[in-house]
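First comes the structure, then the notes that go with it.
The values are calculated or read from the model by the stated rules, or taken from the named source; none is laboratory data. Being a predicted model, the structure only gives us computed values, none of them experimental. Glycine gets a Cβ as well: all are built from the backbone with ideal geometry, and neighbour counts include every protein chain shown. In case anyone asks, the SASA skips ligands and DNA or RNA and just uses the protein heavy atoms, side chains included. Shrake-Rupley method; radii C 1.70, N 1.55, O 1.52, S 1.80 Å.
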Amino acid sequence: DVESFVRHLCATESNLQAVSKEAHKNKSYAERMNISYAEAVLEKQVIAFKKNSATKQKKILTELGIESIMLTTSEKRATAYREHLKRAI
(Lines give C-alpha, C1' and ligand atoms only; values in the text may rest on other atoms or scores of the structure.)
Protein backbone atom coordinates (compact mmCIF):
# COMPACT_ATOMS: atom_id res chain seq x y z
CA ASP A 1 0.00 0.00 0.00
CA VAL A 2 1.00 3.64 -0.36
CA GLU A 3 1.63 4.29 3.32
CA SER A 4 4.13 1.44 3.71
CA PHE A 5 5.87 2.49 0.49
CA VAL A 6 6.26 6.07 1.75
CA ARG A 7 7.49 4.79 5.13
CA HIS A 8 10.07 2.69 3.29
CA LEU A 9 11.39 5.83 1.57
CA CYS A 10 11.84 7.72 4.82
CA ALA A 11 15.14 7.03 6.50
CA THR A 12 15.45 6.97 10.25
CA GLU A 13 18.56 7.00 12.35
CA SER A 14 18.06 3.33 13.20
CA ASN A 15 18.11 2.13 9.58
CA LEU A 16 20.98 4.20 8.21
CA GLN A 17 24.45 2.81 7.62
CA ALA A 18 27.51 4.77 6.56
CA VAL A 19 29.40 2.67 4.03
CA SER A 20 31.93 3.34 1.31
CA LYS A 21 30.88 3.25 -2.32
CA GLU A 22 32.55 -0.15 -2.81
CA ALA A 23 30.95 -1.57 0.34
CA HIS A 24 27.57 -0.30 -0.84
CA LYS A 25 28.06 -2.08 -4.18
CA ASN A 26 28.94 -5.30 -2.37
CA LYS A 27 26.00 -4.98 0.04
CA SER A 28 23.59 -4.30 -2.84
CA TYR A 29 24.99 -7.24 -4.81
CA ALA A 30 24.63 -9.53 -1.77
CA GLU A 31 21.01 -8.50 -1.29
CA ARG A 32 20.20 -8.79 -5.00
CA MET A 33 21.79 -12.25 -5.32
CA ASN A 34 20.57 -13.43 -1.89
CA ILE A 35 24.09 -14.29 -0.72
CA SER A 36 26.20 -13.24 2.25
CA TYR A 37 28.29 -10.08 2.18
CA ALA A 38 31.50 -12.18 2.19
CA GLU A 39 30.26 -14.20 -0.79
CA ALA A 40 29.39 -10.97 -2.60
CA VAL A 41 32.89 -9.59 -2.04
CA LEU A 42 34.36 -12.82 -3.42
CA GLU A 43 32.05 -12.85 -6.46
CA LYS A 44 32.84 -9.20 -7.23
CA GLN A 45 36.54 -10.14 -7.24
CA VAL A 46 35.79 -12.98 -9.67
CA ILE A 47 33.81 -10.60 -11.88
CA ALA A 48 36.75 -8.17 -11.93
CA PHE A 49 39.10 -11.09 -12.73
CA LYS A 50 36.91 -12.14 -15.66
CA LYS A 51 37.29 -8.68 -17.20
CA ASN A 52 40.99 -9.40 -17.79
CA SER A 53 42.12 -10.89 -21.08
CA ALA A 54 42.45 -14.67 -21.26
CA THR A 55 46.24 -14.27 -21.41
CA LYS A 56 46.31 -12.17 -18.24
CA GLN A 57 43.91 -14.56 -16.48
CA LYS A 58 46.17 -17.50 -17.33
CA LYS A 59 49.24 -15.58 -16.14
CA ILE A 60 47.60 -14.74 -12.81
CA LEU A 61 46.47 -18.33 -12.28
CA THR A 62 49.78 -19.93 -13.21
CA GLU A 63 51.53 -17.53 -10.81
CA LEU A 64 49.13 -18.82 -8.14
CA GLY A 65 50.30 -22.36 -8.92
CA ILE A 66 47.18 -23.55 -10.71
CA GLU A 67 47.85 -26.15 -13.40
CA SER A 68 47.38 -25.07 -17.01
CA ILE A 69 44.93 -27.95 -17.64
CA MET A 70 42.46 -25.98 -15.51
CA LEU A 71 42.72 -22.89 -17.69
CA THR A 72 41.23 -23.96 -21.02
CA THR A 73 37.96 -21.99 -20.86
CA SER A 74 36.80 -18.72 -19.33
CA GLU A 75 34.50 -20.55 -16.91
CA LYS A 76 37.27 -22.92 -15.81
CA ARG A 77 39.56 -19.96 -15.18
CA ALA A 78 36.85 -18.17 -13.20
CA THR A 79 36.12 -21.30 -11.17
CA ALA A 80 39.83 -21.83 -10.47
CA TYR A 81 40.19 -18.21 -9.33
CA ARG A 82 37.05 -18.46 -7.16
CA GLU A 83 38.36 -21.63 -5.51
CA HIS A 84 41.72 -19.98 -4.89
CA LEU A 85 39.98 -17.04 -3.19
CA LYS A 86 37.87 -19.38 -1.04
CA ARG A 87 40.99 -21.25 0.11
CA ALA A 88 42.66 -17.95 0.99
CA ILE A 89 39.87 -17.00 3.43
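Helix 74-88 and the longest principal axis of the Cα set of the chain meet at an angle near 70°.
Phi angles across segment 47-60 convert, under the Karplus curve 6.51 cos²θ - 1.76 cosθ + 1.60 with θ = phi - 60°, into 3J(HN,Hα) values of 4, 5, 4, 5, 6, 6, 5, 4, 4, 5, 4, 4, 4, 4 Hz, Gly and Pro given as x. The residue among LEU64, ALA40, ALA88 whose Cα reaches farthest toward the positive pole of the charge dipole of the chain, with charges on the beta-carbon of Lys, Arg, Asp and Glu, is LEU64. Of the solvent-accessible surface of the chain, computed with a 1.4 Å probe over protein heavy atoms with every protein chain present, carbon and sulfur atoms account for 55 percent.
Site pair LYS44 and ALA11 shows an inter-label distance of 1.8 nm when each label is modelled 7 Å from Cα along Cα→Cβ. Within 14 Å, Cβ to Cβ, of LYS56, how many net charges do the neighbouring residues add up to if Lys/Arg are +1 and Asp/Glu are -1? Within the 14 Å Cβ shell, the charges total +4. Among the listed values [x] 1.06; [y] 1.19; [z] 1.02, the one matching Rg/Rh (Cα atoms, Kirkwood Rh) as calculated from this structure is [y]. Converting phi to 3J(HN,Hα) with the Karplus coefficients 6.51, -1.76 and 1.60 and the offset θ = phi - 60°, segment 39-45 yields 5, 5, 4, 4, 5, 5, 5 Hz in sequence order, with x at every glycine or proline. Excluding THR73 itself, what net charge comes from residues whose Cβ is under 12 Å from its Cβ, given Lys and Arg +1 and Asp and Glu -1? Its environment carries a net charge of +3.
Among the GluC sites (Glu not before Pro) within segment 13-78, which fall in a DSSP loop and have no more than 10 other Cβ atoms within 10 Å of their own Cβ?
Details: sites: GLU13, GLU22, GLU31, GLU39, GLU43, GLU63, GLU67, GLU75; in loops: GLU67.
Here the sparse-neighbourhood loop sites are GLU67.
Cross-link partners for LYS86 among the lysines, with Cα-Cα distance under 21 Å and sequence neighbours closer than 8 places in the same chain left out: LYS25, LYS27, LYS44, LYS50, LYS51, LYS56, LYS58, LYS59, LYS76.
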